[in-house]
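Enquirer: I have a structure I would like to understand better, so I am pasting it below and will then ask my questions one at a time.
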Amino acid sequence: MRALLLEQQDDQTLAHIKDIGSEQLPDGDVTVDVNWSSLNYKDALAITGKGKIVRNFPMVPGIDFAGTVRHSRDDRFKEGQSVVLTGWGVGEHHWGGLAEQARVSGEWLVPLPNGLDERKAMIIGTAGFTAMLCVMALEEGGVHPDDGDILVTGASGGVGSTAIALLAALGYRVTAISGRDSNTDYLKALGAKEVMSRDGYIETPRPLEKQLWAGAVDTVGDKLLARVLAQMNYNGTVAACGLAGGYQLPTTVMPFILRNVRLQGVDSVHTPLHRRQTAWERLAGILPDSFYQQATHEIALEQAPATAAALLNNQVTGRTLVKIR
Ligand code: NDP
């Protein structure tokens, strides 16, 4: 079977397509024929070696995949069934989805919900799944569509694009922040009512600024998130999931203690099974068909290393779907 294999030589990560035997796959009770995978920010860090994502080599990267069960020792899964996997350290510490087969624990798999095929599931992928978790965090924070505007940062990326489409479909008024003016039409087609330029927005905020946002989905972190917090409405919620701009957070306690602002962290890797199923069912029900056309850039497995480098250079828009077979 073909796999993208990461190896390490002189502290450099090398990524090559190799033919490997399925007996080399790690232990696990379910073997899946992988049909689709995708490229997320974390995959790009792993494949290029620019982030310390992978520590044991050789490694098959790919933090998500959709495919068909080939063999199962787990009663919950039978041969021929379509499944999706995101997270659980797959593609980081356990061989992942950028290969024709994967062997994993049945605990990590979600049966595909009605309304999604395997291709659509990987157009959504980890990024889209995380966007859904962020939207659920806003809802749980009590943010309603008539409360005011929702800000989405890192808007052109996988999480940002899916968050815009989800929020617009749910009736929220969305403002997007993007570093790329050339993507304005794309972001409006996804459902953003306004698009703001990232240039000029990332400056050190005053502790409290004019109240502008009822909610926010942040994929960027650092100074940009600090500014978003200073501009939240009284009682607003920010769902923070990313660090595309940096992992620091130079803020003050003022938005929290004077405006009752809630900062909700979102992790997609260890989300419990029940919440995963809820999120996938909601994604299947909410995303319009147009999203899958607008946000998808499909590549072959061979193109994954070059596309990973482009993603980290902020040259990729939307979701990158990888055709495995
Ligand atoms: P993408 O690369 O697809 O999107 C990131 C977007 O952020 C870019 O498209 C760009 O949008 C913006 N951006 C890029 N570089 C910078 C920068 N230096 N400063 C500010 N903005 C920047 O990544 P994903 O959507 O896959 O992931 C987004 C973030 O969310 C990542 O940090 C990722 O690690 C994190 N994440 C976290 C998860 C979790 O479980 N917590 C799960 C999935 C992702 P534009 O050009 O429009 O500004």
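The values are calculated or read from the model by the stated rules, or taken from the named source; none is laboratory data. It should be emphasised that the depicted structure is a prediction, and the values quoted were computed from it without experimental measurement. Ideal geometry is used to build each Cβ from the backbone, glycine not excepted, and the neighbour counts take in all protein chains shown. SASA here: full protein model, heavy atoms, side chains in, ligands and nucleic acids out. Shrake-Rupley method; radii C 1.70, N 1.55, O 1.52, S 1.80 Å.
Enquirer: List the pairs whose first member sits in the stretch 234-253 and is under 12 Å from V159 (Cα atoms) and assigned by the TED database to the domain that holds Y41, whose second member is within 14 Å of the ligand (Cβ to nearest atom) and open to solvent by less than 70 Å² (accessible area, probe 1.4 Å), and whose Cβ atoms are under 6 Å apart, counting only residues at least 6 apart or on separate chains?
Expert: none
Enquirer: Has the stretch 33-54 got any residue that is in a strand (DSSP E or B), under 19 Å from R319 (Cβ atoms) and β-branched (V, I, T)? Write out each step before concluding.
Expert: The initial filter retains those residues of the stretch 33-54 that are in a strand (DSSP E or B), namely 33-39.
After this cut, where a residue has to be under 19 Å from R319 (Cβ atoms) as well, the list is 34-39.
Subset that is β-branched (V, I, T): 34.
Within the stretch 33-54, one or more residues are in a strand (DSSP E or B), under 19 Å from R319 (Cβ atoms) and β-branched (V, I, T).
Enquirer: What is the number of the single condition among (1) touching a helix residue (DSSP H, G or I) at 6+ places or on another chain (Cβ under 9 Å); (2) surrounded by fewer than 16 Cβ atoms within 10 Å (Cβ to Cβ); (3) in the same structural domain as I20 (by the TED database) that K78 does not meet?
Expert: (1)
Enquirer: Sticking with this structure for a sec: Looking at A279, A244, A226, A240, which is the one that is in contact with a strand residue (DSSP E or B) (Cβ under 7 Å, 6 or more places away or on another chain), surrounded by 19 or more Cβ atoms within 10 Å (Cβ to Cβ) and among the small types (G, A, S)?
Expert: Result: A240 is the single residue among A279, A244, A226, A240 that is in contact with a strand residue (DSSP E or B) (Cβ under 7 Å, 6 or more places away or on another chain), surrounded by 19 or more Cβ atoms within 10 Å (Cβ to Cβ) and among the small types (G, A, S).
Enquirer: Could I ask something else about it? Please work out if V69 is outside the structural domain of S161 (by the TED database), under 30 Å from D289 (Cβ atoms), more than 14 Å from the ligand (Cβ to nearest atom) and among the β-branched types (V, I, T).
Expert: So V69 passes the test.
Enquirer: Show me the strands (runs of 3 or more DSSP E) found entirely inside the stretch 184-252 where at least 3 residues are touching a Phe, Trp or Tyr at 6+ places or on another chain (Cβ under 8 Å) and away from the ligand (no atom under 13 Å from the Cβ).
Expert: Counting at least 3 such residues, we get 232-240.
Enquirer: Might you check whether a residue that is more than 10 Å from the ligand (Cβ to nearest atom), in contact (Cβ under 8 Å) with a residue 24 or more places away in the chain and among the polar types (S, T, N, Q) occurs anywhere in the stretch 158-166?
Expert: no
Enquirer: Checking G115 against (1) assigned to a loop (DSSP other than H, G, I, E, B); (2) open to solvent by less than 30 Å² (accessible area, probe 1.4 Å), only one condition comes out false. Which one?
Expert: (2) is the only condition that G115 fails.
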